[in-house]
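The structure appears right after this line, and notes come after that.
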Amino acid sequence: MTSKNSARGRPRGGSTDKRAAMLDGALTVFARDGYTRASIDTIAEAAGVSTRTIYNHFRGKAELFEAVIQASAARTAQRQIEVIDRHLRKVTDLAADLIEFGLEWASPNAGPSEHFALVRQINAEAAHIPEAAIEAWQENGPLRVRRELAGHLRRLSEQGLLRVTNTDRAAVHLLVLIGAWNPSYPGAEPSAEEITEMVTTGVHAFLHGYVP
C-alpha cells in the first residue's frame, strides 16, 4: 500500500516520473546557476530526489546537462515550428503573412523563459560546457527550426512568390531581420510598438532582397 506520508515534492509513478522530475529540476538550476556553478546536490533538492537517484540515471553532471538541453531545445523548437506552420503553411498575402509570423515570433511570450535563460548560460559559459551538449542543443533546437523555415521558403520560391537560391541562408536572413528582441540575450524588453516597427521593416528588407 502506498504511504500517504511521501516526502513533499518527491516524484511518484515510477522511473519515468522520476526522470521527468530530474530534468525539470535540473533545467531550473542550470538556467539559474549556469553549468559550472550548478551542483548535483542542488539539482537533487530541486527535483525532490536523492543524489543517488540522479546517479542511477545519469553518469554525471555533463550527461544530465546534455539531456536537459536536448529536451528543452526540442520542446522550444516544436513551439517555434508550430508558429512557422501556422503562418506560412498557406500564404495568401506574402508581406502580411510574413509580418504576422514575425510579430508572433518576436513576441516576448513566444517561448519558455527558462529555456532562454538556459541558452544565455550556454552563451556565457560555452568554453566550459561539454561539446556534445552544445551540439545536442543546436541539432534539436536552432538547426531544426531553421530547416523547417527553409522548407517553407523553398515552397514559396517554387510557387514563384520568392526568388531563393539558398533556402538555409534565406531562413537565417529572415530570422535576423525580424529579430526585434532575442530572449536568449540580456537586455530591456522592447515595447509592442518597437517590435511592430522592427518586424515590419525587417520583412520589407527581406522581400526587397528575395521577391522576384
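Quick notes
- Residue under evaluation Ala77, criteria (1) assigned to a helix (DSSP H, G or I); (2) under 26 Å from Glu197 (Cβ atoms), criterion not met: (2)
- Unique match (being in contact with a helix residue (DSSP H, G or I) (Cβ under 9 Å, 6 or more places away or on another chain), modelled with pLDDT under 95, open to solvent by 20 Å² or more (accessible area, probe 1.4 Å) and farther than 23 Å from Leu118 by Cα) among Arg10, Arg75, Arg19: Arg10
- Yes/no for Leu149 being over 30 Å from Glu114 (Cβ atoms), surrounded by 20 or more Cβ atoms within 10 Å (Cβ to Cβ), in the same structural domain as Ala71 (by TED's automatic domain parsing) and at pLDDT 90 or above: no
- Checking each residue in the stretch 101-115 for being in a helix (DSSP H, G or I), open to solvent by 40 Å² or more (accessible area, probe 1.4 Å) and modelled with pLDDT under 90 picks out Ser113, Glu114.
- Just one of the listed residues (Leu162, Leu98, Leu118) is in a loop (DSSP other than H, G, I, E, B) and either more than 18 Å from Thr196 (Cα to Cα) or open to solvent by less than 30 Å² (accessible area, probe 1.4 Å) (or both), namely Leu162.
- Test: residue in the stretch 47-56 that is part of a helix (DSSP H, G or I), in contact with a helix residue (DSSP H, G or I) (Cβ under 9 Å, 6 or more places away or on another chain) and among the hydrophobic types (A, V, I, L, M, F, W, C): yes
- Of all residues in the stretch 129-145, at least one satisfies being modelled with pLDDT of 95 or more and in contact with a Leu (Cβ under 9 Å, 6 or more places away or on another chain).
- Test: Glu125 is in a helix (DSSP H, G or I) and either open to solvent by 30 Å² or more (accessible area, probe 1.4 Å) or free of Cβ contacts under 8 Å to residues at least 12 places away in the same chain (or both): no
- Residue, farthest from Ala106 (Cα to Cα), within the stretch 41-57, restricted to residues that are open to solvent by less than 40 Å² (accessible area, probe 1.4 Å) and touching a residue at least 24 places away in the same chain (Cβ under 8 Å): Thr53
- Candidates in the stretch 170-208 are the residues that are exposed (fewer than 13 other Cβ atoms within 10 Å of the Cβ) and part of a helix (DSSP H, G or I); of these, the one that is modelled with the lowest pLDDT is Ala192.
- Ala31 closer than 16 Å to His115 by Cβ and part of a helix (DSSP H, G or I): yes
The values are calculated or read from the model by the stated rules, or taken from the named source; none is laboratory data. Remember, predicted model here, so these are calculated numbers, not experimental data. Glycine gets a Cβ as well: all are built from the backbone with ideal geometry, and neighbour counts include every protein chain shown. Side chains are part of the model used for accessible areas, which takes the heavy atoms of the whole protein and leaves out ligands, DNA and RNA. Shrake-Rupley method; radii C 1.70, N 1.55, O 1.52, S 1.80 Å.
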